[in-house]
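The values are calculated or read from the model by the stated rules, or taken from the named source; none is laboratory data. This is a predicted model, so every value here is computed, not measured. The protein model used for the area step is the full one, side chains on, heavy atoms only, and it has no ligands, DNA or RNA in it. Shrake-Rupley method; radii C 1.70, N 1.55, O 1.52, S 1.80 Å.
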Amino acid sequence: YAFSLARSSVEGFLQFSARRDLREKAYQAWRNRGANGGKTDNRGLMKDMLALRLEGANLLGFKTAADAALEFTMAKTPQNVRKLLMD
């Protein structure tokens, strides 16, 4: 059998395969699929995106991107989200 590293393909294998060694190999391949160097490595892009989110949040007067994103939701702050989860 063959399957791709697309979520819809790999999830079934990870759930139902009796072979732990193959599940581990498939999971590691799926987890690291964007971090193998070359033109498909997206780690640098993600770093830039996170920096831009922080910069945008700072320009709007927020300490973090999470603070900025939550301001417009019911939770309002990361601390309120944490409290809700812990309660």
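Pairs of Cα atoms under 8 Å, at least six residues apart: use those to get the relative contact order of the chain, whole percent.
Values: 46 pairs, mean separation 10.7, N = 87.
About 12 percent, as a whole number.
Using the heavy atoms of the protein chains alone and a 1.4 angstrom probe, what is the accessible area of the range 43-87 per residue in square angstrom?
Details: 3940 Å² over 45 residues.
Solvent-accessible surface per residue comes out at 88 Å².
Using only Cα atoms, tell me the angle between helix 43-59 and the longest principal axis of the chain; keep it within 0 to 90° and round to the nearest 10.
20
Run the accessible area of the chain with a 1.4 Å probe and give the carbon-and-sulfur part as a rounded percent. Intermediate values should be presented prior to the final figure.
Values: 4410 of 7500 Å².
C and S fraction of accessible area: 59 percent.
For the range 5-15, what does the Karplus curve 6.51 cos²θ - 1.76 cosθ + 1.60, with θ = phi - 60°, yield as ³J(HN,Hα) per residue in whole Hz, taken in order and with x for Gly and Pro?
Here the 3J(HN,Hα) series is 8, 5, 3, 5, 8, 6, 4, x, 4, 5, 7 Hz.
How tilted is helix 20-31 with respect to the longest principal axis of the chain? Cα atoms for both, answer in degrees (0 to 90, nearest 10).
With rounding to tens, the tilt is 40 degrees.
Residue by residue, what Karplus-based ³J(HN,Hα) values in Hz, rounded to whole numbers, does the range 71-84 have, using 6.51, -1.76 and 1.60 with θ = phi - 60° and x for Gly and Pro?
These are the phi-based 3J(HN,Hα) values: 4, 9, 10, 5, 6, 6, 9, x, 5, 5, 4, 4, 4, 4 Hz.
Excluding residues fewer than 8 places away in the same chain, name every one of the lysines whose C-alpha is closer than 23 Å to that of K76.
By straight Cα distance, K76 reaches K63.
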